[in-house]
């Protein structure tokens, strides 16, 4: 997305007639926000940990407060052991084979070190059950494969501008998309 500072901080945003660059900026901005919203709607919600998870079951690991997702992994077969890295496996603690780190600087209190200090995945950690939720393989793969740059580049390629022979923008596809989006939101709101 064009983040040209001249457009972003322009003193002309309150003008009666916006420039074509401003209109395109607004349309792409709206389209990007919608695309990001739609992407988040497709991310599966995590679930409660079953009483007896099977080794290899996909797991989401959260910070101790249970609010911040810090890693993805799988229920480890190391749960059959009594210890991992001298940390006891108990009824309230579990071993997880980490496959993807989301927050490198997240501190694991039981290990007294950050996720980053374990090196590149895969590696095994021990954490409390209340830090764990089930996830789907698709969830971690989707987060790995999608990013905002991809979404924005799709917006630009799916909704290109049309120029007349003189080089003036006749119809901005992204702008039209944003207008359609606004109309659809308005229609939904009016129901």
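Things to note:
- When residues in region 75-102 are screened for being out of contact with any helix residue (DSSP H, G or I) (no Cβ under 7 Å at 6 or more places or on another chain) and surrounded by fewer than 16 Cβ atoms within 10 Å (Cβ to Cβ), 10 of them pass.
- Unmet criterion (only one of (1) out of contact with any helix residue (DSSP H, G or I) (no Cβ under 9 Å at 6 or more places or on another chain); (2) at pLDDT below 85) for residue 36: (1)
Here is a yes/no grid of residues against (1) over 21 Å from residue 101 (Cβ atoms); (2) at pLDDT 90 or above:
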{"position": "55", "(1), (2)": "no, yes"}
{"position": "59", "(1), (2)": "no, yes"}
{"position": "62", "(1), (2)": "no, yes"}
{"position": "65", "(1), (2)": "no, no"}
{"position": "72", "(1), (2)": "no, yes"}
{"position": "76", "(1), (2)": "no, yes"}
{"position": "83", "(1), (2)": "yes, yes"}
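- Which listed residue, of 6, 2, is at pLDDT below 85 and under 25 Å from the mean Cα position of the chain (by Cα): 2
- Residue 111, sole failed condition from (1) part of a loop (DSSP other than H, G, I, E, B); (2) within 30 Å of residue 39 (Cβ to Cβ); (3) touching a strand residue (DSSP E or B) at 6+ places or on another chain (Cβ under 9 Å): (2)
The values are calculated or read from the model by the stated rules, or taken from the named source; none is laboratory data. A quick note: this is a predicted structure, and the numbers were derived from the prediction, not measured. No Cβ is skipped: glycine too gets one built from the backbone with ideal geometry, and neighbour counts run over all protein chains shown.
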